[in-house]
Protein chains: 2
Amino acid sequence: MSQNEPKIPQATAKRLPLYYRFIQSLHSSGKQRVSSAELSEAVKVDSATIRRDFSYFGALGKKGYGYNVQYLLDFFRKTLNQDEITNVALVGVGHLGTAFVNYNFLKNNNTHIVVGFDADETKVGTTMSGVPIHHVDEMEQIMKQNKIDVAILTVPSAYAQPVADDLVRFGIKGILNFTPARLTVPDTVRVHHIDLSIELQSLIYFMQHYPSAEGVHQ
Amino acid sequence: MSQNEPKIPQATAKRLPLYYRFIQSLHSSGKQRVSSAELSEAVKVDSATIRRDFSYFGALGKKGYGYNVQYLLDFFRKTLNQDEITNVALVGVGHLGTAFVNYNFLKNNNTHIVVGFDADETKVGTTMSGVPIHHVDEMEQIMKQNKIDVAILTVPSAYAQPVADDLVRFGIKGILNFTPARLTVPDTVRVHHIDLSIELQSLIYFMQHYPSAEGVHQ
């Protein structure tokens, strides 16, 4: 999809990986069609939203029939670029980083953490869940060798911006920022920020003001 | 705010804690007014969105003046209920859980993890960053004693639903779910779900389709 083509809303785009995961499991279980109500129950998004989302990408369900699972699967696989593997680097192998390396996005077969970086000499040279840990000083060389476009940032807050600056210089195109720091990067680099304390405050706010609705992350 | 009062959009509500944090730091540095452009630069949300968000809660900036910092601070403190402390329990003290306990939302002075739960006997009875770790079997008693409304769920995926069922029975009102499992809970319980592999897929999708825009989490 080029940038001149019509874009689907970001809120819809955000839900695509969620839909894709469920459609995959439906497909493996041999199911050929699915209703928006079934999807809604499984992914915890209300069915009106699902119907609107699906209408953006031309999947028009039929009343009493629902959606064709194979059509949806093909659409999502192509749209989410599932046939291409994305190599991911993780910078900062503390507890949070270790959790991600161990988890290593097992549910996605197209994204892999291929390398971890840390400044702690006791970690450098080790392997965690099959992922080699290198010194941050080796970042440039290793990132270029492995054609890494995406980095997960789990360093202490004070290092977030300098490390992000390095990552940008080494050609990174996307950063998943788990530090509390807000990053400044060029327009050509995409940053998604997951700030744990903000997620918690947001949950509490929604508990008080929208006690019975579904979460924005759902 | 009762449920019958007009509600601000969820996307706006989601940004309130972010605004609040920055307004707090402006206030401590003695600043009395702030423009939407300055806010935009600091919180990485475009200024048109900031102006629209602020208009929902009656903060109307003046051209060439901006917004009054004290007004914003008072508004956010009240709206985000910052004068009340929220006690949080964390269930599942693995790497991810340990990271959260150590971090313990230092930036928020109104939310605290007061207790951790795990089934691992080697962890039970210990203290991490001042947070006592109890056995999951003690959950009911301790949650009621400490008046805990919110839980962070960092258990292995297979335990997510049964633990959530327990939490609901013990009176929890909100769950921050960090497991890949989708939870089924009563309508009266609010769940926000942060699924790491979906966040990563989403970042990659946005890198390819909206390479130069700000992230939905920004």
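Here are a few things to note about the model shown:
- Whichever residue in the range A:181-218 is surrounded by fewer than 21 Cβ atoms within 10 Å (Cβ to Cβ) and of a type in the set (Gly, Ala, Ser) and, among such residues, is modelled with the lowest pLDDT: A:Ala213
- If you go through the range A:96-108 and keep only what is within 7 Å of chain B (Cβ to nearest Cβ) and either surrounded by fewer than 20 Cβ atoms within 10 Å (Cβ to Cβ) or modelled with pLDDT under 85 (or both), you end up with A:Asn102, A:Tyr103, A:Phe105, A:Lys107, A:Asn108.
Each row is one residue, and each column tells you yes or no for (1) of a type in the set (S, T, N, Q); (2) within 12 Å of another protein chain (Cβ to nearest Cβ).
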{"position": "A:Thr49", "(1), (2)": "yes, yes"}
{"position": "A:Asp53", "(1), (2)": "no, no"}
{"position": "A:Gly58", "(1), (2)": "no, no"}
{"position": "A:Tyr65", "(1), (2)": "no, no"}
{"position": "A:Asp74", "(1), (2)": "no, no"}
{"position": "A:Thr79", "(1), (2)": "yes, yes"}
{"position": "A:Glu84", "(1), (2)": "no, yes"}
{"position": "A:Leu90", "(1), (2)": "no, yes"}
{"position": "A:Gly94", "(1), (2)": "no, yes"}
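- Hits in the range A:161-177 (condition: within 13 Å of another protein chain (Cβ to nearest Cβ), over 16 Å from the mean Cα position of the chain (by Cα) and among the hydrophobic types (A, V, I, L, M, F, W, C)): A:Ala164
- Total residues in the range B:161-182, condition touching a residue at least 12 places away in the same chain (Cβ under 8 Å) and under 19 Å from B:Glu199 (Cα atoms): 7
- Conditions (1) crowded, with 22+ Cβ neighbours inside 10 Å; (2) closer than 30 Å to B:Ser25 by Cα; number of the one not met by B:Asn81: (1)
- Residues of the range B:178-203 that are hydrophobic (A, V, I, L, M, F, W, C), in contact with a Ser or Thr (Cβ under 8 Å, 6 or more places away or on another chain) and at the interface with chain A (Cβ under 8 Å from one of its Cβ atoms): B:Leu200 alone.
- Some residue of the range A:135-142 being touching a helix residue (DSSP H, G or I) at 6+ places or on another chain (Cβ under 8 Å) and not acidic (Asp, Glu): yes
- Positions within the range A:167-180 being assigned to a helix (DSSP H, G or I) and either touching a helix residue (DSSP H, G or I) at 6+ places or on another chain (Cβ under 6 Å) or surrounded by 18 or more Cβ atoms within 10 Å (Cβ to Cβ) (or both), in sequence order: A:Leu167, A:Val168
- Being of a type in the set (Val, Ile, Thr) and surrounded by 15 or more Cβ atoms within 10 Å (Cβ to Cβ) is a description that applies to B:Thr111.
- Where a residue in the range B:27-56 is within 20 Å of A:His193 (Cβ to Cβ) and of a type in the set (S, T, N, Q) and its partner, wherever it lies, is open to solvent by 80 Å² or more (accessible area, probe 1.4 Å) and assigned to a helix (DSSP H, G or I), with Cβ under 6 Å and at least six apart: B:Ser36/B:Arg51
- B:Tyr103 passes every criterion in (1) without any contact (Cβ under 8 Å) to a residue 24 or more places away in the chain; (2) more than 27 Å from B:Tyr20 (Cβ to Cβ) apart from (2).
- Condition broken by A:Ala151, with the remaining ones in (1) open to solvent by less than 30 Å² (accessible area, probe 1.4 Å); (2) assigned to a helix (DSSP H, G or I); (3) within 14 Å of chain B (Cβ to nearest Cβ) satisfied: (2)
The values are calculated or read from the model by the stated rules, or taken from the named source; none is laboratory data. Computed from a predicted structure; not experimentally measured. Backbone-built Cβ (ideal geometry, glycine too); neighbour counts: all protein chains shown. Only protein heavy atoms, including side chains, enter the accessible area calculation; ligands, DNA and RNA are left aside. Shrake-Rupley method; radii C 1.70, N 1.55, O 1.52, S 1.80 Å.
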